[in-house]
Amino acid sequence: MAVRGLFIVVEGIDRSGKSTFVRALAARLGNSEIMSFPNRQTQIGSMINSYLTNSIHMSDEAIHLLFSANRWECKGLIEQTLNAGKNVILDRYAYSGVVYSAAKGLDLEWCMASDIGLLKPDIVLYLKLDPREAQLRGNFGEERYEYLDLQKKVSDNYDMLMGKINNCKVLDAALPTESLLELAELGSVDTTKALEKLW
Ligand code: FDM
Ligand code: MG
């Protein structure tokens, strides 16, 4: 069997530059698949998209579970891709699931429960940005969660959650992409160890 690929997650508040960074990272590493959560291409993802663009309403609990289900439906693909020797770079994952839903007032442990047993990434790169900076970036305010009060709570929750996990690297999202790539230091990640469970 081929040596498995690197499993990398990129997290951060809206407009923190995740998508740009993820593309640069994939180009730098080569042999990489980028996947984004929510994955809006599936049927579950299409419901999530309708919710985020305010065309349908749902309870906080129901949408939380859909975001989680959207990860579960992609678990097999992530595993197969890694085992085929390709790197998988995720633009958001279960950490987003927890910090956004908890910012709306849901219980943290309840939020974590639906993702128990998903795969744990080798490393989580947290692009930390002041929510007031993010607000000044283009297109802020287009989707349901893009308002300052909520983003501040999300940011606090990220600081708390990222402090609890043992595989997180915090990066200053105000830095240029090139610097972020250097700081990520992915050369030190050990891919000979088996994939573990998230929590
Ligand atoms: N989001 C994303 C959640 O609330 N829970 C989740 O599990 C995930 C993966 O969806 F505001 C939120 C975060 C963001 C919105 O994400 C859409 P993108 O990355 O902006 O498309
Ligand atoms: Mg967004």
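Among the residues making up region 108-132, those that are out of contact with any strand residue (DSSP E or B) (no Cβ under 9 Å at 6 or more places or on another chain), within 15 Å of ligand 1 (Cβ to nearest atom) and assigned to a loop (DSSP other than H, G, I, E, B) are Ser114, Asp115. If we scan region 86-99, do we find a residue that is within 16 Å of ligand 2 (Cβ to nearest atom) and surrounded by fewer than 17 Cβ atoms within 10 Å (Cβ to Cβ)? Looking through region 86-99, none of the residues is within 16 Å of ligand 2 (Cβ to nearest atom) and surrounded by fewer than 17 Cβ atoms within 10 Å (Cβ to Cβ).
Looking only at region 1-27, which residues are in contact with a Pro (Cβ under 7 Å, 6 or more places away or on another chain) and among the β-branched types (Val, Ile, Thr)? Listed by number, the residues that qualify are Ile8, Val9, Ile13. Scanning region 69-104 for residues that are assigned to a loop (DSSP other than H, G, I, E, B) and either over 30 Å from Lys152 (Cβ atoms) or in contact with a Cys (Cβ under 8 Å, 6 or more places away or on another chain) (or both) returns Glu73, Ala84, Gly85, Lys86. Select from region 1-21 the residues that are within 13 Å of ligand 2 (Cβ to nearest atom), surrounded by 16 or more Cβ atoms within 10 Å (Cβ to Cβ) and part of a helix (DSSP H, G or I) and list them in ascending order. Once the filter is applied, which keeps residues that are within 13 Å of ligand 2 (Cβ to nearest atom), surrounded by 16 or more Cβ atoms within 10 Å (Cβ to Cβ) and part of a helix (DSSP H, G or I), region 1-21 yields only Lys18.
The residue pairs whose first member lies in region 133-147 and is part of a helix (DSSP H, G or I), whose second member is within 9 Å of ligand 1 (Cβ to nearest atom), and whose beta carbons are closer than 7 Å, counting only pairs six or more residues apart or on different chains, are Ala134/Ile13; Ala134/Asp14; Ala134/Arg15; Ala134/Gln151.
Among the residues in region 37-52, are any in contact with a strand residue (DSSP E or B) (Cβ under 8 Å, 6 or more places away or on another chain), within 30 Å of Pro176 (Cβ to Cβ), within 16 Å of ligand 2 (Cβ to nearest atom) and in contact (Cβ under 8 Å) with a residue 24 or more places away in the chain?
Let us first name the residues in region 37-52 that are in contact with a strand residue (DSSP E or B) (Cβ under 8 Å, 6 or more places away or on another chain), namely 37.
Then drop every residue that is not within 30 Å of Pro176 (Cβ to Cβ), which leaves 37.
Filter once more, so that each one left must be within 16 Å of ligand 2 (Cβ to nearest atom): 37.
Filter once more, so that each one left must be in contact (Cβ under 8 Å) with a residue 24 or more places away in the chain: 37.
For region 37-52, residues in contact with a strand residue (DSSP E or B) (Cβ under 8 Å, 6 or more places away or on another chain), within 30 Å of Pro176 (Cβ to Cβ), within 16 Å of ligand 2 (Cβ to nearest atom) and in contact (Cβ under 8 Å) with a residue 24 or more places away in the chain: present.
Within 16 Å of ligand 1 (Cβ to nearest atom) and either surrounded by 15 or more Cβ atoms within 10 Å (Cβ to Cβ) or basic (Lys, Arg) (or both): does that describe Val170? No; evaluated as a whole, the condition is false for this residue. Take the conditions (1) within 13 Å of ligand 1 (Cβ to nearest atom); (2) surrounded by fewer than 22 Cβ atoms within 10 Å (Cβ to Cβ); (3) under 13 Å from Leu125 (Cβ atoms); (4) charged (D, E, K, R); Arg40 misses just one of them, which is (3). Pairs meeting the criteria (first residue in region 152-173 and without any contact (Cβ under 8 Å) to a residue 60 or more places away in the chain and under 15 Å from Ala94 (Cβ atoms), second residue in a helix (DSSP H, G or I) and not charged (D, E, K, R), beta carbons under 6 Å, at least 6 apart or on different chains) are Asn157/Val99; Asn157/Ala102; Asn157/Ala103; Cys168/Met162. Of everything in region 55-76 that's away from ligand 1 (no atom under 12 Å from the Cβ) and touching a residue at least 40 places away in the same chain (Cβ under 8 Å), which residue is surrounded by the fewest Cβ atoms within 10 Å (Cβ to Cβ)? Result: Lys75.
Those residues that are under 14 Å from Phe37 (Cα atoms) and in contact (Cβ under 8 Å) with a residue 60 or more places away in the chain, I need them from region 100-120; list them, please. Result: Asp115, Leu118.
The numbers here are math on the coordinates, done by the rules we state, and not lab data. All of these numbers come straight from a predicted model, not from anything done at the bench. Cβ atoms come from the backbone with ideal geometry, glycine included; neighbour counts cover every protein chain shown.
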